[in-house]
Structures are given as structure tokens and as C-alpha cells.
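Presented below is the structure to which this report refers.
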Amino acid sequence: MSKYPKIHSTFYILHSAFILALVAASCSSKLRDIALTTESMSLYEGDTYQLGIDATPEDADFTAVWTSSAPYVASVNATGLVVARSAGTCTVTVDADGHTASCEVVVMEAATMPGADVGVTDYGAVDGYFSVSNSRQVQFACGNLQYQASSGSWRFAETQWSCRGADNRYISSGTDRWIDLFGWGTSGDSTGAVANQPWTSDSDDAHYIVGGDTANGIYGPNAIGDWGRVNHIQNHDERSGSWRVLTADEWRFLIGDNGLRANRWALATINGIFRGLILIPDQWTAPDDAVFTAGKSRGYATNSYSYQQWLAMQSTGVVFLPAAGVRDGLQVNNVNIDGYYWSATPDGDAACTLGFCSDEVTPGFGRYRHLGLSVRLVID
């Protein structure tokens, strides 16, 4: 029997472990640094870009975690695929086992698509008719209302799915950025309210009282508070002064279960990116290459359309209200997640809206007056 059996066995085990460690080290090097394949880029709304990681050494193993500073501007998935969602700027960052690298992303408003004006009248309305009572029909504007303070200009968005997103953070009396989230009754006209300008970010709801009485709506004698009654629309000026926002009762009728409007609304997504609510005209024949499912059974996935399928839908008079988010002061949240559209109807310190998200659609929902929400005008 050996005099040193345990010592010999221990030496053999340690020696074997050392050899295995050398083999393992030769198969995988330790990560020392990373860089992204690009440090900055500009995309249009709806564009995608696949970011890659350059690792040092190249054969290093690591786990990467991707994040975006503003997912409503540009989101990024677990593989580094960036999706441009709304106009603005953000930073996409990857963390690889403690090593980080970033890319600045600028998202620009989508260029006008060929055919994007299909189904739009010369005065800027989607060419479909929608009952908002038993005796009244309206047409919707071809895009959400937008405003540029530096020029005092109003326009309709160039496509129905467009929204300004993070640009609303720069709301001010002199900004040259277009904005589309407004406090209630901020037509710019003298309404008796302290906060009556479209560029206001005043957080006091009492400053948005039209005519000095919380019971006043922005209709009748106070219609000067309605964005459409007093403002010229620069890209569709033919019927300026004829546009208006719906009342709370009209939104309720439109998104109702009455015989005229039952099963004529649904949640939807365009091009796999832009989420919102679609409205079907009273009289409608579906296009050949697009299917419509009423309601919200699968959230924004209830209906999914490519750009071309959506243009076919629009050609038949269908309206899309994008989930453009909400502004509170200078903070913008929930772009492409929630949609809130002002009505002309007051609700105490609040005012009534059409509100929707991935699992709810609520006409007549009250939101505080100082919040920046969307405006989609109609014409009788």
C-alpha cells in the first residue's frame, strides 16, 4: 500500500482540473468590450433597423439586454431590432454582462405614402358617413389636428395613423415643432379661460373654464373654444369654420349598440406598428383583401392590416384614430398604447373624452382639462 495515497489522488484531480480549465479557456474568451454597429441613425415612422454588437474578443460569450429610453419613439426587442414608432429622439442601449453601448435614434414623421389620400375628399374628410344621432351624420377629418406655434398654423396629419409623439414635450409659444396633444378648449380664441392657447402646458384645471362656468361646453355661445370653429386648416382650407369636435353623447352614439352603429368599431394595428381604433361607416362594403372583426376581443391584434390593406379600407370610408398617448405638462406618456379624444362636453373640473386602450373602449370618459389629448374634427 502506498504511503501517500491521498496526496497522490489529490494531485491527480487538481492536475486534471487545470487541464480542463485550459481547454475551456481556449474555447471561450472573456468579454472585454462591446460596440454597436452604428452609434446614431435616423428613421421614418414605421421603419425598422437591426442593430448588431461588435464584441472584443469576437469569440466571447455574453448575454445582451436591450432597452430604449423612450419606447413610444423607438422600441427595441430582445435581438436588437429597432422599430420607429413616433416622431422624436431616444437612446437605445445594450448591456452585455456589464459592458454597455448606445445608439441615438431620431424618428422622423412618415413621408406621405403614395395613395395615402385615397378616399379623402378635396375638403379633407374621409369619404364615409357616420351617424352620431338618429338624425345626424358626420364625416371625419383625414387625420388628427396638428398645430405649429412658431407660424400659428393648423393642419390635418398627412395620414390617419400619424401622431407627433415626443414632439409634444417641446410645447411652447414659439416652438417650430408640430404638436397634436391639446388641453381642453385651447382653440387660441378668447374664450374667457386663462389657458386658451393651443401651446399651453398650464397644469391648473380651473384655468380651462370657458366663459367662466364649469358647465359650459365648447358649443353654442362658447363654440369659439372648439378648435374647428375658428381656425383655418392650412392643407384643407376649403371649409374652414365648418369643422367641430363631437359631443360626449355623439361619441356614445357612435360607439354604441344601437341599430345604426352596432358592431361598427374595433381595435386594430396598421403595418404591425400603429395601434388605434377603427370606425366603420354606416353603409359599408368590405374591400376584397381586408377582413374586419368588430370589437376588442384580442386587443389591438383584433384586426391587423398592412399599409396597402389599410389604404383599401380607407378607400371605403373607414376611419382610424391612432393611440397618440397623453401629455401632462411637458411629459408625454403611453404613445401607441392609449388613445384619448376630446369631446365638446364638460364634466366638472374635467371634460368628456373617447378613451381606449388594449382592453377597453369608453365613450364619455372624463379626463382633467389641463391634460394634452388628441383632437379629431368632424364636419356635418
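Observations on the structure shown:
- Remark: the stretch 45-55, residue by residue, has Karplus-estimated 3J(HN,Hα) of 3, x, 6, 10, 8, 8, 7, x, 10, 9, 9 Hz, where x stands for each Gly or Pro and the curve is 6.51 cos²θ - 1.76 cosθ + 1.60 at θ = phi - 60°.
- For the stretch 183-192, 3J(HN,Hα) per residue [Karplus equation, 6.51 cos²θ - 1.76 cosθ + 1.60, θ = phi - 60°, Hz, x = Gly/Pro]: x, 5, x, 9, 6, x, 8, 7, 9, x
- Relative contact order for the stretch 51-172, counting Cα pairs under 8 Å that sit 6 or more residues apart, in percent: 19
- For the stretch 142-157, backbone phi angles converted through the Karplus equation (6.51, -1.76, 1.60; θ = phi - 60°) give residue-by-residue couplings of 6, x, 5, 6, 10, 9, 10, 5, 4, 10, x, 9, 10, 8, 8, 4 Hz, Gly and Pro being listed as x.
- 5 angstrom amide H check on Gly372, placed H, neighbours 5+ away: Arg327, Asp328, Gly329
- Where (1) 56, 56, 39; (2) 55, 55, 35; (3) 110, 49, 38 are the candidate values, the label of the one calculated here for Cα extents along the principal axes in Å is (3).
- Of Ile255, Pro71, His236, farthest towards positive along the dipole that unit charges on Lys, Arg, Asp, Glu beta carbons give the chain: Pro71
- Ranking Phe182, Ser172, Ser86 by Cα position along the charge dipole of the chain, where only Lys, Arg, Asp and Glu carry charges on their C-beta atoms, puts Ser86 farthest toward the positive end.
- Around the amide H of Tyr219, modelled in the peptide plane, lies no amide H under 5 Å away from a residue 5 or more places distant or on another chain.
- Dipole magnitude of the chain about its Cα centre (Cβ charges: Lys, Arg +1; Asp, Glu -1), debye to nearest 20: 860
- Taking the stretch 200-306 and dividing mean pair separation by its residue count, relative contact order in percent (alpha carbons under 8 Å, at least six apart): 17
- Using the Cβ-Cβ distance between Leu330 and Ser153 with R0 set to 30 Å, the FRET efficiency works out to roughly 0.90.
- Using C-alpha pairs under 8 Å with a sequence gap of at least 6, the mean separation divided by the residue count of the stretch 36-112 gives a relative contact order of 38 percent.
- Inter-centroid distance (Cα atoms) of the stretch 150-222 relative to the stretch 283-320, Å: 31
- Subtracting the Cα-Cα distance of Ser135 and Asp54 from their residue separation scaled by 0.36 nm leaves 22.7 nm.
Each reported figure results from applying straightforward, stated rules to the coordinates on display, with no laboratory input. Because the structure is a prediction, the values reported are computed rather than measured. All Cβ positions, glycine included, derive from the backbone under ideal geometry; neighbour counts span all protein chains shown.
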